[in-house]
1. Hey, with R₀ at 45 Å, roughly what FRET efficiency would ASP282 and ALA251 work out to, going by the Cβ-Cβ distance, to 0.05?
2. Please arrange VAL152, VAL451 by counting, for each residue, the other beta carbons lying within 10 Å of its beta carbon, fewest first.
3. Full extension from ALA331 to ASN450: what is 0.36 nm times the residue separation minus their Cα-Cα distance, to one decimal in nm?
4. Can you tell me the 0 to 90 degree angle between the C-alpha axis of helix 434-444 and the longest principal axis of the chain, rounded to 10?
5. If each Cα of the stretch 226-339 is one equal point scatterer, what is log10 of I(q)/I(0) from the Debye formula at q = 0.10, 0.13 Å⁻¹?
6. For the stretch 189-206 and the stretch 1-59, what is the centre-to-centre distance using only Cα atoms, to the nearest Å?
7. Report, in degrees rounded to the nearest 10, the 0 to 90 angle that the Cα long axis of helix 359-375 makes with the longest principal axis of the chain.
8. 222 nm [θ] for the chain, helices only, -39500 (n - 2.57) per DSSP H run of 4+, per residue, to 500?
Amino acid sequence: MRKTLYLKFVLAYFIFGVFSFIVVSVFVPSMTTERLVREKAEDLYSEAVLIADTYATELYNSETDLETVKRQLDALALYMKAIIRIVNPSGRLVLDTDAPINVEEVVIIKDFDPTVTSGSYYVTDNFFDSFDSEVLSVLAPITSNYMVKGYVVIHYNMSNIQASCNSLLSVSYITMVVLFLLSLIILIFFTELVYVPLRKITYATEQYASGNMHYEFQVDSEDEIGYLAGCLNYMASQIAGAEDDQKKFVANISHDFRSPLTSIRGYLDAMMDGTIPPEMHDKYLNILLNETERLTKLTNSLLTLNNLNTKGMLLDRTDFEINRIIRSTAASFEGTCRQKAVSVELILTDDEMYVNADMGKIQRVLYNLLDNAIKFSHHSSVIKVETSVKKNKLFISVKDSGIGIPKEDLKLIWDRFYKSDVSRGKDKKGTGLGLSIVKEILNSHEEHINVISTEGAGSEFIFSLSLSERNEEND
Ligand code: ADP
């Protein structure tokens, strides 16, 4: 594709050159000759009319003699580089500036016909065979007493016109060659502005097609081609980023599946070969149960995330009472809370508060946040779930006074599989997917979530929800 595009352009350029040459060499000579002949004929005709009205009329009225008229017309003919003749209507030559006066010899132009110029006022031929070569001839009648006495005929050699035409033509050819050379600038522009960047883009596309998504290239122009190159670069970097994320994601999943499987296998081997005595089996079966629970949780979270990604925007939005959901979610943690002696305090605005969202998904958000708050809380501490209304939004805060999140981890906690070092000891079953799910759900609702946390003091997660219009109806 690369070679042919350039060749096509060069070919088009030369075809343009050849056609221009043909047009100039075919049309320009005929048009120029025609124009020059017409202009010359106009000049000669007005001169002939002038002679017919003056010298020739005087001659026919015998006001002057032939010799004097001949002298005057000879001078005029020399000046005009033409031949002036006075001819009788019968074709007899009365005077010819190209020949001396000879009264004895009667020269007759055979077949002379004064209407030869009818339609236009000139002819270009050898004038009734009286010339060997082609001449331009104009005729003006000499009238006296309303009678045509004769004609003034002026002949001009066509080779003179041809010579002027040729000199004009050579100017046209030179101009054409200069224009052709100047139009090379277009070829240079095409090469620099289109062909070279296009080659870069094509090469980059080949690199991307072969899987080298990290290939970078530069096209320094601000036109459409520069924009195309920029878009292509951006697209490749996005794909490369997505590929890297994918690889990291798969590596993390593999790692998180492998560790429980290795420990399950280890314990089972030890139980079978007797390293763990049968009286200890109960204890280790409990550990195995925990590990399988962790695997189940991991698989469920992955499935939830996958569904969120593929059907991200498919929300089943309804108006529902959020206080009831908060209470029921908190209640589902009763058992865990009792074990840790943790209490959950609910500070809710109004008895009933309606929001518009996907109920199931918001329940999941609350569940994940409460789960984390309890997991990372100290023994016998209090977790506060508080709601507040601002404009047409409901803000829900889940606040604990647990281990907190280190400042440098605050941005990372939303990433898939992220678990901070501090939390690892406290939470062996964590998958690092809980907050990613929370974020995805709130993003698809076009809502926001924020975290305020101090290491060692506790964390507060606050997210927004859209209030339902049902609240106003209830008021
Ligand atoms: P996990 O399922 O492992 O809890 P999350 O995505 O829910 O994964 O949380 C990611 C990390 O964020 C946790 O491992 C923990 O380090 C930190 N984190 C989340 N919530 C809290 C909290 N309330 N207090 C302290 N750390 C938290």
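Values in this text are rule-based calculations from the coordinates and carry no lab data. Note that the structure is a prediction, hence the values are computed from the model and not measured. Note that each Cβ is placed from the backbone with ideal geometry, even for glycine, and that neighbours are counted across all protein chains shown.
1. After rounding to 0.05, the efficiency reads 0.80.
2. So the residues, fewest neighbours to most, are VAL451, VAL152.
3. Details: separation 119, 0.36 × 119 = 42.84 nm, distance 2.43 nm.
So the chain would gain 40.4 nm between ALA331 and ASN450.
4. Between helix and principal axis, roughly 40 degrees.
5. Computed log10 I(q)/I(0) values: -0.63, -0.87.
6. Here the two parts' Cα centres lie 43 Å apart.
7. Once rounded, one gets 50 degrees.
8. -17500 deg cm²/dmol, from helical runs alone.
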